[in-house]
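The values are calculated or read from the model by the stated rules, or taken from the named source; none is laboratory data. Everything numeric in this text was worked out from a predicted model, so none of it was measured. Here Cβ is always computed from backbone atoms with ideal geometry, including for glycine, and neighbour counts include all displayed protein chains. Ligands, DNA and RNA are excluded from the accessible area calculation, which covers all protein heavy atoms including side chains. Shrake-Rupley method; radii C 1.70, N 1.55, O 1.52, S 1.80 Å.
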Amino acid sequence: MSAAGHALALQGLSKRYGSFTAVDDVSLRIERGQFLTLLGPSGSGKTTILMCIAGFVAPTAGAVLLDNRDITALPPEKRDFGMVFQGYALFPHMSVAENVAFPLRVRRMGAAEREAKVRAALDLVQLERFADRRPSQLSGGQQQRVALARALVFDPALLLLDEPLSALDKKLRAELQDELKALHRRVGRTFVNVTHDQEEALSLSDRVAILNHGKLVQEGAPAALYEAPRTRFVADFLGKSNFLHGTVREAHPGAFAIAAGGTRLVQAVDRDAPRPALSMPVLLSLRPEKIALLAEEDTADNTVEGRIVTWSYLGAGFAISVATEDLGLLRVTLPSWGAPIAPAEGMPVRLGWSAAASVPVAEDAD
Amino acid sequence: MAAAAQRQTGWWLLILPAFLLMTAFYVAPILQVLTISFTEPQPGLQNYERLFTSESVQRVIWTTLRICTITTALALLLGYALAYRIALAEDRVRRWWILAVLVPLWISVLVRAFAWVTLLRRQGLVNQTLMETGIIAEPLQLVWNEFGIVVGMVHYMVPYAVLPMLASMREIDPRLLAAARGLGASRFTVFSRIFLPLSAPGLIAAGVLVFIFSLGFYITPAILGGGKTLMVAEWISLQILDLIRWGLGTMMATVLVVAILTTLAIFSRVVDLRRVFGSGA
Ligand SMILES: Nc1ncnc2c1ncn2[C@@H]1O[C@H](COP(=O)(O)OP(=O)(O)OP(=O)(O)O)[C@@H](O)[C@H]1O
Ligand SMILES: [Mg+2]
């Protein structure tokens, strides 16, 4: 299993059901060997896009290109893509080994070669011992690995995964995330994964494409999306965020200041970014973990005072809600080890963050 | 332990009245029939001897088995095609299909048999059409023979074949079929390697149901066979009502009951019988 993956491109892909648009003009490039995740809320069109790539759904407009070859009209069985379905879709009347051998059988591969490949694929997902079991005799995690082995055994050009981990409990999911990532590195294939779990998207992928209402909202490396969301939707969907409303009061190269109620907030921007117009309304996204609790003598670019309304202990950290006069309720997370305070309801606190901690984001169109 | 046993007894008491009623009106007469087959005209096994010595008895049994096998095979074939079509149809279309399958069940078996007679007789619609189009010169003998019986019985049996098969086809996850295609299987391979094996329990269940049902068929063979081709049920009634040979008639009835119970016993090892009779579906 050493052949390199293939590059895939979607060009202006749209899918309409009657007057309803499930996928709206999505263009996307996936380089060979990359792990791309389609991330979005329920009904945002993730599965539909994946089904267009797999060939089960014919797009209303646009094209699917594999290494620059148009495959939009190719039926699914001719595409040679491995696919792991939501719920795995293992054949219940076949043993694990027969399930994995199925794609090889339909390709009329000789028995000796087939057996060797099946064994290698089961080795890959560490299921050699279960070859003779039925899928119903396996745990959820084992079934998921059988589905992976079956999708990889015929050296597919591309591996498509539709919420491969959603049926598993949290701990197992984390374990299999690591396995999936290691597997991707080992086989060097192009993976396209669908999920609505943002943590999974961040931890697994080389690139994440965020979808909403069938539209591609933003695409990029996980860290870039997390640190520089372009819209309120992205900031809110990928991780948690506080949103600060204000109007521009001063604009300098590399920074501007806004008034949010009676509070002045400083926002760092690129030196060569266009300066915002004065008194323009802006929206800032501020991650909870980038806010610090300030002691009496501490200073920061931005400071605000408030009272703790609620707090919860999460093991590794505290999640605290602080009511402020000008900025409303602010969510703050602190590592619990070495926390400067023991939080209590009604406790007055002073919060601070640097000018580079927040990012300006656009309000969503709808 | 004791408490659980007591609760069990309580439940059994509840069905006691029904049990007594069944014994009095159902099991007792059957046992009586069984007894008569050993006692009439004189005590002994001579009625059962006829199974091995009488050519006419053997002929009836073979005719019945042949007709039932052919009927079952044809009903399964037609029923499978119909069930397949219905299982893959959209919800709205599916309801109409199911209705179309069920409607014949509400029409009296007598009416249906006579309808076939009018269609298939020498001056019937089928023969007339064939002669007018010049395909045949002489009318074909389509009724009062085994052909007519099989036509009538298949028509009667198709809904009974469709329902268990449809139930087991509906249980097949459509994603399995999509998955198989995604893994490189052609439509035909998807059918033969995934759909057919997964619908096999329904196929077997339908086969058992149709075969057992056919064994005891009376009205349809009596009308469409025209008294020339005798199946077991008609033969029994002939022995008892016309020839007053109670011993022979009850012997055959006993054989029929035993044959049905044996078939069920064999297949209960292969399929879940509750599926055959509907509660499993
Ligand atoms: N065959 C269809 N006919 C009509 N509408 C459809 C059809 N398939 C999908 N849709 C609609 O298209 C939209 C996108 O569906 P899709 O299955 O792609 O969502 P998704 O992002 O995968 O959601 P989820 O996370 O819930 O799986 C949904 O609003 C859905 O109702
Ligand atoms: Mg989906």
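Of all residues being crowded, with 22+ Cβ neighbours inside 10 Å and at pLDDT 95 or above in the stretch A:23-34, which is farthest from ligand 2 (Cβ to nearest atom)? Just the residue, please.
A:Val26
Restricting to the stretch A:334-366, what's the tally of residues that are farther than 24 Å from A:Val269 by Cβ and part of a loop (DSSP other than H, G, I, E, B)?
Qualifying residue count for the region: 13.
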Exercise. From (1) more than 8 Å from chain B (Cβ to nearest Cβ); (2) within 29 Å of the chain's Cα centre (by Cα); (3) among the acidic types (Asp, Glu), pick out the condition that doesn't hold for A:Glu98.
Key: (2)
Quiz prompt | Sole residue being over 27 Å from B:Gly249 (Cα atoms), open to solvent by 50 Å² or more (accessible area, probe 1.4 Å) and among the charged types (D, E, K, R), chosen from B:Arg66, B:Arg92, B:Arg50 | solution = B:Arg92
Self-check item: Residue under evaluation B:Ala222, criteria (1) more than 11 Å from chain A (Cβ to nearest Cβ); (2) of a type in the set (Gly, Ala, Ser); (3) under 30 Å from B:Glu171 (Cα atoms), criterion not met
Solution: (3)
Self-check item: Single unsatisfied condition, A:Thr47 versus (1) among the polar types (S, T, N, Q); (2) away from every other protein chain (no Cβ under 14 Å); (3) within 16 Å of ligand 2 (Cβ to nearest atom)
Solution: (2)
Practice problem: Select, from B:Phe211, B:Phe188, the only residue that is among the aromatic types (Phe, Trp, Tyr) and within 14 Å of chain A (Cβ to nearest Cβ). | Solution: B:Phe188
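How many residues, within the stretch A:192-208, are within 15 Å of ligand 2 (Cβ to nearest atom) and closer than 15 Å to A:Glu227 by Cα?
Of the stretch A:192-208, the ones within 15 Å of ligand 2 (Cβ to nearest atom) are A:192-197, A:200-201.
Cutting the leftovers down to closer than 15 Å to A:Glu227 by Cα gives us A:201.
Qualifying residue count, the stretch A:192-208: 1.
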Practice problem: Output the number of the condition that B:Gln42 fails; it satisfies all remaining conditions of (1) of a type in the set (S, T, N, Q); (2) closer than 30 Å to B:Leu176 by Cβ; (3) not in a helix (DSSP H, G or I). | Solution: (2)
Quiz item: Being touching a residue at least 60 places away in the same chain (Cβ under 8 Å), more than 15 Å from ligand 2 (Cβ to nearest atom) and surrounded by fewer than 22 Cβ atoms within 10 Å (Cβ to Cβ), is that true of even one residue in the stretch A:15-22?
Solution: yes
Quiz item: Got at least one residue in the stretch A:89-101 being surrounded by fewer than 22 Cβ atoms within 10 Å (Cβ to Cβ), of a type in the set (Ser, Thr, Tyr) and within 16 Å of ligand 1 (Cβ to nearest atom)?
Solution: no
Exercise. Scan the stretch B:103-118 residue by residue and report those that are in contact with a helix residue (DSSP H, G or I) (Cβ under 6 Å, 6 or more places away or on another chain) and surrounded by 15 or more Cβ atoms within 10 Å (Cβ to Cβ).
Key: B:Val109, B:Ala113, B:Trp116
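Consider the stretch A:43-88. How many of its residues are among the small types (Gly, Ala, Ser) and near ligand 1 (Cβ under 10 Å from one of its atoms)?
Taking the stretch A:43-88 and keeping what is among the small types (Gly, Ala, Ser), we get A:43-45, A:54-55, A:58, A:61-63, A:73, A:82, A:87.
Narrowing further to those that are near ligand 1 (Cβ under 10 Å from one of its atoms): A:43-45.
Residues meeting the conditions: 3.
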Quiz item: Does A:Gly40 count as away from every other protein chain (no Cβ under 14 Å), in contact with a Leu (Cβ under 7 Å, 6 or more places away or on another chain) and more than 8 Å from ligand 1 (Cβ to nearest atom)?
Solution: no
Quiz item: Quick one: which strands (runs of 3 or more DSSP E) sit completely within the stretch A:140-217 and have at least 1 residues that are open to solvent by 10 Å² or more (accessible area, probe 1.4 Å) and not polar (S, T, N, Q)?
Solution: A:207-212
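Go over the candidates A:Leu152, A:Leu180, A:Leu159, A:Leu165 one by one and state the one that is away from chain B (no Cβ under 14 Å) and more than 16 Å from ligand 2 (Cβ to nearest atom).
Details: A:Leu152 fails: away from chain B (no Cβ under 14 Å); A:Leu159 fails: away from chain B (no Cβ under 14 Å); A:Leu165 fails: more than 16 Å from ligand 2 (Cβ to nearest atom).
None of the other options fit; the residue is A:Leu180.
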Exercise. Take B:Leu203 and decide whether it is open to solvent by 50 Å² or more (accessible area, probe 1.4 Å), away from every other protein chain (no Cβ under 14 Å), touching a residue at least 60 places away in the same chain (Cβ under 8 Å) and in a helix (DSSP H, G or I).
Key: no
Practice problem: Keeping to the stretch B:170-185, report how many residues are facing chain A (nearest Cβ under 7 Å) and not in a helix (DSSP H, G or I). | Solution: 4
Exercise. Just need a number here: residues in the stretch A:102-121 that are surrounded by fewer than 22 Cβ atoms within 10 Å (Cβ to Cβ) and more than 9 Å from chain B (Cβ to nearest Cβ).
Key: 12
Self-check item: helices (runs of 4 or more DSSP H) contained entirely in the stretch B:79-169, each with at least 1 residues that are assigned by TED's automatic domain parsing to the domain that holds B:Leu209 and under 20 Å from the mean Cα position of the chain (by Cα)
Solution: B:91-102, B:109-120
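Report whether or not A:Asp132 is assigned by TED's automatic domain parsing to the domain that holds A:Pro103, surrounded by fewer than 20 Cβ atoms within 10 Å (Cβ to Cβ), farther than 17 Å from A:Met94 by Cβ and not β-branched (Val, Ile, Thr). Outline the logic, then answer.
Values: assigned by TED's automatic domain parsing to the domain that holds A:Pro103: yes; surrounded by fewer than 20 Cβ atoms within 10 Å (Cβ to Cβ): yes; farther than 17 Å from A:Met94 by Cβ: no; not β-branched (Val, Ile, Thr): yes.
No.
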Quiz item: Failed condition for A:Arg145, given (1) away from chain B (no Cβ under 11 Å); (2) in contact with a strand residue (DSSP E or B) (Cβ under 8 Å, 6 or more places away or on another chain), with all others met?
Solution: (2)
Self-check item: Any pair with Cβ under 7 angstrom, 6 or more apart, that starts in the stretch A:30-55 at a residue that is over 20 Å from A:Gly5 (Cβ atoms) and ends at one that is near ligand 2 (Cβ under 9 Å from one of its atoms) and not hydroxyl-bearing (Ser, Thr, Tyr)
Solution: A:Leu39/A:His196; A:Gly40/A:Lys46; A:Gly40/A:His196; A:Pro41/A:His196; A:Ser42/A:His196; A:Lys46/A:Val194; A:Thr47/A:Asp162; A:Thr47/A:Val194
